[in-house]
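Worksheet: one structure, shown below.
The numbers here are math on the coordinates, done by the rules we state, and not lab data. Just so it is clear, the structure is predicted and the values come from calculations on it, not from any experiment. In this analysis, Cβ positions are derived from the backbone assuming ideal geometry, glycine residues included, and neighbour counts consider all displayed protein chains.
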Amino acid sequence: MTVIFSSATRRAATGGLGGFVRWIGICTHALAARWERRAAINALRKRDDRELRDIGLARCQIEAAVRGGTDPGLGRLRGRRKSYSH
């Protein structure tokens, strides 16, 4: 019995020009995402400290919040949680 995996046949069929077109699509998507992040950072930087506090951010957390690196439940950066031992 012969087994053909669809991922293997797809990889072989999309060589050359297909790989280049996919690479262009990935680069375009990454560039658009970067522009969106920069626009969000600039919009948040225009807010005053009271408005930022209302949404649970400090000015120094703006870039991390846009990248998704803050934990809104704790109001501080991820990975810096205190562990409490009983």
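Could you work out the local net charge near V66, counting Lys and Arg as +1, Asp and Glu as -1, over the other residues with Cβ closer than 10 Å to its Cβ?
Net charge around V66: +1.
Spin-label point model (7 Å from Cα, Cβ direction): what's the N42 to H29 distance in nm?
Here the answer is 2.5 nm between the modelled labels.
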